[in-house]
Amino acid sequence: GGFSGGHLDLDANAACSGHMGANSEHIFWPQGLAPAGNYTVRVAHYESCIGGQPVEYRVTVRACGETVVLTGRFEGQARAQTCMSSQGEPSWCQDVVTFQAPSCAAP
């Protein structure tokens, strides 16, 4: 997050009122400034704005010139809780991908 220079552009559908209908959020670092290290992408079904119906998601990871697209689905009730570990129930908290980001500097 913020302490490493990362940014979130918007919090889509927050409290089922902010940015409703937006279906994308972007977490990013300015080009070349993401710290090298291990990254884990988790998706949390924090609050259902559609009455607990299934929700599909797509995560696109771009790092060091490579792009990977991963998809998944939440079924079941959302939970208003931050998804900070992989110990959550898959109905509301899912680990999507873990990857290592080396420095992208040219050799």
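The values are calculated or read from the model by the stated rules, or taken from the named source; none is laboratory data. Fair warning: this is a prediction, and the values are worked out from it, not measured in the lab. To get the accessible areas, we keep the full protein, side chains included, count just its heavy atoms, and leave off ligands, DNA and RNA. Shrake-Rupley method; radii C 1.70, N 1.55, O 1.52, S 1.80 Å.
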Subject >> Long-range amide H partners of His19 with built H, under 5 Å >> reply: Asn13
Original post:
Using the eigenvalues of the Cα gyration tensor, what equivalent ellipsoid semi-axes result for the stretch 11-107 when each is taken as the square root of five times the eigenvalue, whole Å, largest first?
Top reply: 28, 15, 11
**OP:** Tabulate in residue order the Karplus-calculated ³J(HN,Hα) for the stretch 53-66, using 6.51 cos²θ - 1.76 cosθ + 1.60 with θ = phi - 60°, rounded to whole Hz; enter x for Gly and Pro.
**Re:** 5, x, 10, 9, 9, 9, 10, 10, 10, 10, 8, 6, x, 10
Original post:
Just by accessible area at a 1.4 angstrom probe, what is the order of Ile27, Ile50 from largest to smallest?
Top reply: Ile27, Ile50
Subject >> Long-range amide H partners of Val96 with built H, under 5 Å >> reply: Val41, Arg42, Val43
Subject >> Accessible surface, the stretch 20-104, averaged per residue in Å² (probe 1.4 Å) >> reply: 72 Å²
Original post:
Taking all protein chains as present, what is the carbon and sulfur share of the accessible area of the chain, in % to the nearest whole number, probe 1.4 Å?
Top reply: 51 percent
